[in-house]
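First the structure, in the form of structure tokens, and then the observations on it.
The values are calculated or read from the model by the stated rules, or taken from the named source; none is laboratory data. If you're wondering where the values come from, they're calculated on a predicted model, not measured in any experiment. Counting neighbours? That spans all protein chains shown, and the Cβs are built from the backbone with ideal geometry, glycine included.
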Amino acid sequence: MLMSSSNPSMNASWLARVLLILSAALLLRVELAAQNVKVTATARPQMVVVNEVVEFIVTVEGGAVQRNISVPPSGDYIVTGTGRSSEYSSVNGVITSKDHHTFQVRPIKKGKVQLPAVEVWVYGKRYFTTPVLLDVIDEPEVTNAPTPGTPAFVRLLVNKTNVYVGEVFLVEVQLYVLSGQDAQYPQLDSEGFVLGTMQQPLQHSVVLGQYPYQMLSFKSSVHAVKAGELQLGPATCNLNIVVGRVNIFGIGQLRPTTLKSNPIKMNVLPLPTRDVPPSFTGAVGRFQLSWSATPTNVVVGDPVTLSIRITGDGPLETIQLPPQLGWEDFRVYAAKATLEDTDALKVSGTKRFEQIVTPLKEGSTHLPPLEFAYFDPELKRYQVERGSPIQLKVTAPGSAAAAPNPQLPGVAPDTQPAEVQIFALKPHLGAVGPLSSPLLSRPWFWILAAVPVLLFASVVARTKWNERNKAGATRFDRQRFQQELNQHLNSVVQAQQAGNVAEVYSLGFRALQLELGALLQRPAMSITAAIAEEELPRRGVSPELLHQVQDLFQQCDEARFSLNQSPGTQEEFVTQLRSTLAQLPTEVRP
Amino acid sequence: MNRDLRFLLLVFLGLQAFLGQACASPAERFHQANHLYEQGKVRDSIPIYRELISSNYHSPSIHFNLGNACLQAGQLGNAIVAYRHALRMSPRDPKVRQNLAIARERAGQSAPPQWKSWLSYLSLNEWTALAFFSLASSCGVGALWQLRPKFRETLSSLLAVSLLCLAASTASLIVLAQDQMQPGFVVTTKEISLRRGPFDESPVIATATDGSEFRVTDQKGSSSWIEITGEKNRSGWVQSKNGVLLYAP
């Protein structure tokens, strides 16, 4: 009922709302679609011989072009033809389209030719492509130029033939194939040069003398490592060429072939040896230096991260941060280097160094100046880039502040001398004087060195002298003792001749005591047969001699109690006594 | 009159400048060289350091700073020579050691063996003095040993320590003296050829680059030809003008 009694003004309002929502949705879709529009421009190949055709392709992705696209005219090139193709793809249910607008461009001037930004209208919005730079070179000197219709040939191109040592230039190997397949990566004879990594090849069609060739373009960067007239190339490439008739399936007979390009004569100039800046580390090209430091308000020992960016054209991968002067107030850690925003050949872009330093002294100061020197092959002279000064405030550490040598996470203190900055100048002259010869070469030192040796020798000599004297005195005593003993023995003989038996054995006993006492270093009175038995074997006396000594002692004892000894027995006693006393000094050890 | 006055003034200023230059003290010249270095004019600072040295003013600082200037100027051989002189005078200076190591690394020279590094922590004279005191103490303890037999037990350990010190210090001294008192040769030109004999016509058997260090093993009479031996027994004849001969100080 209510529905049927709807009034016209309400219906109009409803319709207006629907239309508003639909138009909003349409606008939103257009806006969203416009956000996904991408417009790019490329040229194939980027290095080309003058008057040869280049394909300049403007690709519009995610939208339809509303107006015709045209390449702005220029005196550097002629646009010889245009074409258009579309490409659709579906990824996860999302369909995207690409429109390729191809222009045949023929550069007519040698050098760097810029294909300017192209205006593209999509969804009522204006877009511009980025300009594309072409390297247009002279026709290379070819000894055996391929005739039109040749099944395949290789061409070697460089963007310059006069270069400096270390200067990066581009090399391109172009493989033209009319009827062939299975082409392999080309090999380039490059003695005296260092080749960069060869890029994935780009393929496109080229018409040469009415023959539609497929061209594969292999690009790489190169730099020379020695000066002089050098030869780059030839480039060789293996592929299978179709020979004979092609069957109904489009398959022909294949013949493996090695193609060889022309070599290129390169004039490599040495870098000037004059006015070489101290911070020059071999970079050749054009660069700009910028740097920043964070934080700039720190405590002694805190890390400050320096972000150093070297941007430009040159061998970015090999660029090193030069050793810097004036950093003795900082502990410098090894720098980490990364490449940023580089082109495919890594010869243009930015190299970023992240260097951590820790201040060792407090105070408000500037960070020491940062320098980077390079050789500019265009200007043919060395250039020095200097970083702008950065103010740094360093305060004294608090009680719990960081130690002067903090362990930075993931950063080990640099122990490699090559990466460590050299220690800066010594500001104080110190003690100055002539160089003195070493002590070893001075005569007075040898005289001085001889003094302790001589003193020691004199002490040893004196000791030995004393010992000798002592031995002499002992010898002298022994002589005197021997005289006494001899006198004693004479008394024994006299007593025997006088028939005084008691006297013979008493004196004989006494002589034995005296001799043994002297030899055993004991008082003569204390010597008995028991002591002799005990001591003499220890002193090395033979058992025979010991037996004789014991026998003599026994005879003396017996004579003391019975004096009826016969004269023959007394004589034997005296003889035995003489012989024993003579042998004892020879056998008894001191 | 005006012209005469101007001429006299010029002569006076010239004389003053000359005398000022000539009479500058070593400290002033040193400061001047340092200033040039800090201004980035390292090549201009080198002659001033050299002039001080040739005037027989030697200090570790002069040789060290000369080494720095040469290193910054890319003269690796000259830098190594200067640092070696500085190290002989100041053997325990870590800065000299560090910079010498950097110069050697840049010149592609390998670092000396660790034991040699340890030995060179004392100078030749310091090792000599140590050996002398070890000798004197050994002799003293030995003399006491002779004179006081009663204390021999106590003295025996002291004597053993003294003799051990004497043996160690003497051996170190001999090794260091052989190393330092034998003439050395450091290449200071970009590249030199080592020849089989002392003639320009002799075949080249090897090459050496700036900063390569060698020992001098022979000399051809009074000529400039010397035979040098380096790492891995690389040897050959070269003309001494291609480098710096390092003699015992």
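Residue-wise test of (1) modelled with pLDDT under 80; (2) at the interface with chain B (Cβ under 7 Å from one of its Cβ atoms).
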position	(1), (2)
A:PRO406	yes, no
A:ALA412	yes, no
A:PRO417	yes, yes
A:LEU440	no, yes
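Residues in region A:259-297 that are surrounded by fewer than 18 Cβ atoms within 10 Å (Cβ to Cβ) and among the aliphatic types (A, V, I, L, M) were compared, and the one that is farthest from the other protein chains (Cβ to nearest Cβ) is A:LEU269. Each residue in region A:358-376 was checked for being assigned to a strand (DSSP E or B) and closer than 29 Å to A:GLY166 by Cβ, and 6 of them qualify. Inspection of region B:121-137 finds a residue satisfying the criterion of being hydroxyl-bearing (Ser, Thr, Tyr), part of a helix (DSSP H, G or I), facing chain A (nearest Cβ under 9 Å) and out of contact with any Asp or Glu (no Cβ under 8 Å at 6 or more places or on another chain). Scanning region B:103-120 for residues that are more than 22 Å from B:ARG234 (Cα to Cα) and either facing chain A (nearest Cβ under 9 Å) or surrounded by 16 or more Cβ atoms within 10 Å (Cβ to Cβ) (or both), we see that the one that is modelled with the highest pLDDT is B:LEU119.
Each row is one residue, and each column tells you yes or no for (1) more than 9 Å from every other protein chain (Cβ to nearest Cβ); (2) in contact with a helix residue (DSSP H, G or I) (Cβ under 7 Å, 6 or more places away or on another chain); (3) modelled with pLDDT of 90 or more; (4) assigned to a helix (DSSP H, G or I).
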position	(1), (2), (3), (4)
B:LEU19	yes, no, no, yes
B:PHE30	no, yes, yes, yes
B:ILE46	yes, yes, yes, yes
B:PHE64	no, yes, yes, yes
B:CYS70	yes, yes, yes, yes
B:ARG92	yes, no, no, no
B:ALA101	no, no, no, yes
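Looking at A:GLY430, A:GLY517, A:GLY472, just one residue is surrounded by 11 or more Cβ atoms within 10 Å (Cβ to Cβ), away from chain B (no Cβ under 14 Å) and either more than 25 Å from A:HIS547 (Cα to Cα) or not aliphatic (A, V, I, L, M) (or both), and that residue is A:GLY517.
Out of all the residues in region A:494-514, is one or more within 20 Å of A:GLN482 (Cα to Cα) and not in a helix (DSSP H, G or I)? No, the conditions are met nowhere in region A:494-514. Scanning region A:153-184 for residues that are modelled with pLDDT of 85 or more and small (Gly, Ala, Ser) turns up just one, A:GLY166. You will find that of A:ILE319, A:ILE308, A:ILE241, the residue that is of a type in the set (A, V, I, L, M) and within 28 Å of A:GLU229 (Cβ to Cβ) is A:ILE319 and no other.
Mind checking which residues of region A:297-350 are basic (Lys, Arg) and in a loop (DSSP other than H, G, I, E, B)?
A:LYS346
Cβ-Cβ contacts under 8 Å between residues 6 or more apart (or on different chains), taken from a first residue in region A:128-139 that is among the acidic types (Asp, Glu) to a second residue that is assigned to a loop (DSSP other than H, G, I, E, B), are listed as A:ASP135/A:GLN46; A:ASP135/A:ASN159; A:ASP138/A:VAL50; A:ASP138/A:LYS110; A:GLU139/A:VAL50. The criterion of being exposed (fewer than 11 other Cβ atoms within 10 Å of the Cβ) and either in contact with a Cys (Cβ under 6 Å, 6 or more places away or on another chain) or away from chain B (no Cβ under 14 Å) (or both) does not hold for A:ASN490.
Could you say whether any residue in region A:455-466 is exposed (fewer than 14 other Cβ atoms within 10 Å of the Cβ), hydrophobic (A, V, I, L, M, F, W, C), without any contact (Cβ under 8 Å) to a residue 12 or more places away in the chain and within 7 Å of chain B (Cβ to nearest Cβ)? Looking through region A:455-466, none of the residues is exposed (fewer than 14 other Cβ atoms within 10 Å of the Cβ), hydrophobic (A, V, I, L, M, F, W, C), without any contact (Cβ under 8 Å) to a residue 12 or more places away in the chain and within 7 Å of chain B (Cβ to nearest Cβ).
Go through region B:32-44 and report how many residues are more than 8 Å from every other protein chain (Cβ to nearest Cβ) and outside any loop (DSSP other than H, G, I, E, B).
So the answer is 6.
Of the residues making up region A:76-91, just one is modelled with pLDDT under 85 and either assigned to a loop (DSSP other than H, G, I, E, B) or aromatic (Phe, Trp, Tyr) (or both), namely A:TYR88. The set of residues in region A:183-242 that are charged (D, E, K, R), loosely packed, with under 14 Cβ neighbours inside 10 Å and not in a strand (DSSP E or B) comprises A:GLU191, A:LYS226.
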